[in-house]
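See structure below.
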Amino acid sequence: MTSIIDPAAIVKPQRVKLQPFKVMVGPVTHLAEERERLSTLTYSGFTVKQLGATIGGIVDGIDITEPISDELVAELRRCLLDFKVIFFRDQPLTPAQHVAFARRFGELEIHPFIPANTDQPELVRFEKEANVGGFENVWHSDVPWRALPSAAAVLHGIEIPAIGGDTSFCDMYAAYEGLSQKTKEQIANLQAVNDFTKAFGHTLDDAGRAAMHEKYPPTVQPVVRTHGETGKKLIYVNRAFTQSIVGLSQSESDELIDFLSSQANVLEYQCRFQWEPHSVAFWDNRAVQHFALSDYWPQRRVMERASIVGEQPR
């Protein structure tokens with residue numbers, strides 16, 4: 001009789017706490033099933049090369065500067081849900097083409113703080129050089145302070161520094177699954193207050209902040225979000241925008257926010273994308289957080305992003 005051995009059961013005890021630093025080391029076993037699932041997937045109209053263990057796919061065989069069919073939109077949507085973030089190379093999009101592609105996946109939002117600087121108001125422009133520093137180097141998802149945070153985003157790399165300026169993405173499903181069962185139970189029904197102030201408040205005077213707070217008051221979102229299409233649970237907290245946890249003191253909130261946000265630091269949950277001119281990243285803003293490395297200063301980096309309106313987190 002052949003016995004069935006669970007590899008995860010064998011290696012799980014090998015994950016130990018490294019003293020005196022209290023860091024867990026060893027195999028991260030809960031990634032295996034998703035890694036293997038992604039490795040078997042195929043799509044009609046294009047191919048995908050897996051980038052990270054559970055996140056990230058590089059798409060080949062499609063030209064998104066041209067109009068795409070409904071069938072191809074459906075396949076790309078399926079691919080995005082599977083890989084959480086997908087990448088395209090050599091896509092010299094004009095602003096109009098960029099907007100047209102993104103709009104195939106839903107209504108586009110207008111960002112109230114980041115200027116467009118193009119003839120397409122749906123595109124926000126990130127133009128960084130010696131006299132303009134980058135402030136994106138913190139793990140975050142986009143606009144959780146809006147009642148309807150972005151469902152997805154399409155980012156086009158226009159001018160890319162010779163060295164640096166990569167973007168990392170974290171699979172927040174994996175981050176949630178990596179928590180202990182006790183922690184999952186403790187945070188299951190918690191709500192978090194999200195506010196634009198920490199990230200954008202410094203750009204406004206007192207009157208301006210008051211006016212924008214009236215238009216965009218803090219939102220209360222679940223700490224553990226359930227993705228509206230996949231049904232999977234994920235951590236929906238980040239240091240950039242999460243201000244406090246409902247029912248906890250500020251010190252208790254800060255401690256929990258820091259702990260949950262730090263799960264994005266686990267390298268096994270991440271993929272890292274090295275930009276080239278006219279590369280495009282298309283990510284599911286509900287399922288991932290991203291971190292733009294600010295290691296290229298004072299070189300110039302120019303990116304444009306279109307974001308797709310999402311649903312109320314639950």
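Coordinate-derived values only; no laboratory data. Only a predicted model underlies this, so the values are computations on that prediction, with no experimental measurement involved. As a convention, Cβ positions derive from the backbone with ideal geometry for all residues, glycine included, and neighbour counts pool all protein chains shown.
Below is a table of values for the structure above.
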read-out: Whether region 169-302 is rounded, prolate or oblate, judged on the alpha carbon gyration tensor where a/c under 1.5 counts as rounded; value: oblate
read-out: Per-residue [θ]222 nm for the chain (sum of -39500 (n - 2.57) over DSSP H runs n ≥ 4, rounded to 500); value: -6500 deg cm²/dmol
read-out: Tensor-based shape of region 28-309 (alpha-carbon gyration tensor, a/c under 1.5 rounded, otherwise prolate or oblate); value: oblate
read-out: Residue among 236, 43, 176 with the largest mean-square fluctuation in a Gaussian network model of the chain, springs linking Cα atoms under 10 Å; value: 43
read-out: Net charge over other residues, Cβ less than 13 angstrom from the Cβ of residue 69 (K, R count +1; D, E count -1); value: -3
read-out: Positive-end residue, region 28-309 charge dipole about Cα centroid, Cβ charges, pick of 114, 161, 50; value: 50
read-out: Among 165, 56, 247: highest mean-square fluctuation, GNM of the chain, C-alpha pairs under 10 Å; value: 247
read-out: Additional length obtainable on full extension of the chain from residue 184 to residue 63, 0.36 nm per residue less Cα span; value: 39.4 nm
read-out: Estimated FRET transfer efficiency (residue 110, residue 211; beta-carbon r; R0 25 Å; 0.05); value: 0.95
read-out: Sorted by Cβ density within 10 Å, fewest first, the residues 172, 212; value: 212, 172
read-out: For region 269-280, Karplus couplings with θ = phi - 60° (6.51, -1.76, 1.60), whole Hz, Gly/Pro x; value: 8, 10, 10, 10, 10, 9, 6, 10, x, 6, 7, 10
read-out: Choice from 256, 204, 38 showing the highest fluctuation, given a GNM over the chain with Cα pairs closer than 10 Å; value: 204
read-out: Shape of region 53-195, Cα gyration tensor, a/c cut at 1.5; value: prolate
read-out: Residue-wise HN-Hα coupling along region 85-90, computed from phi with Karplus coefficients 6.51, -1.76, 1.60 (Hz; x: Gly, Pro); value: 8, 10, 10, 10, 10, 6
read-out: Length-normalised contact order for the chain - Cα pairs under 8 Å, 6+ apart - percent; value: 30 percent
